[in-house]
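The values are calculated or read from the model by the stated rules, or taken from the named source; none is laboratory data. As the structure is a prediction and not an experimental result, all values here were calculated from the model. We place every Cβ from the backbone using ideal geometry, glycine too, and count neighbours over all the protein chains shown. Note: areas computed on protein heavy atoms with side chains; ligands, DNA, RNA excluded. Shrake-Rupley method; radii C 1.70, N 1.55, O 1.52, S 1.80 Å.
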Amino acid sequence: NWGPYKWEQSTQNSDQWTLGLCACTPETFCYALLLPFCLSAQARSRFDNSDCCFNMFCTTPCANNTMIREGYGIQGNECIDVLTASFLYPCALQRMYQEATIKFLMALAAKGAEMMKKCCPCCSKTTK
């Protein structure tokens, strides 16, 4: 299961990364290779809705990776973050970006479902 979008339902709220380090798409890998600070800034913005320009110019990809990892409760430590970012930076960046994107979309879907329950009379009924 090394493909970029093959992930199991059970890993969505775990203490592990949703996707593996080698689960790259060619587009995201090239983006990480050519514009690492942009990709890192976008991932951080998706994570905490912070300003993308601030993230690009005032934070590092390694710091963003650590913040996202700790924010989602993913196992690891700063030493592993630094080593991964130093030697496998395109893979680490794309994993961070895809993790933030997946969690962002899951939160968006949950909010949409909650809004449907409030607005739609059919969805607001509880079944017994």
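The table for this structure:
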item	result
Gly76 vs. criteria on the phi > 0 side of the Ramachandran plot and either surrounded by fewer than 20 Cβ atoms within 10 Å (Cβ to Cβ) or small (Gly, Ala, Ser) (or both)	yes
Of the criteria (1) of a type in the set (A, V, I, L, M, F, W, C); (2) open to solvent by less than 30 Å² (accessible area, probe 1.4 Å); (3) free of Cβ contacts under 8 Å to residues at least 40 places away in the same chain; (4) under 18 Å from Gln16 (Cβ atoms), which one Ala100 fails	(3)
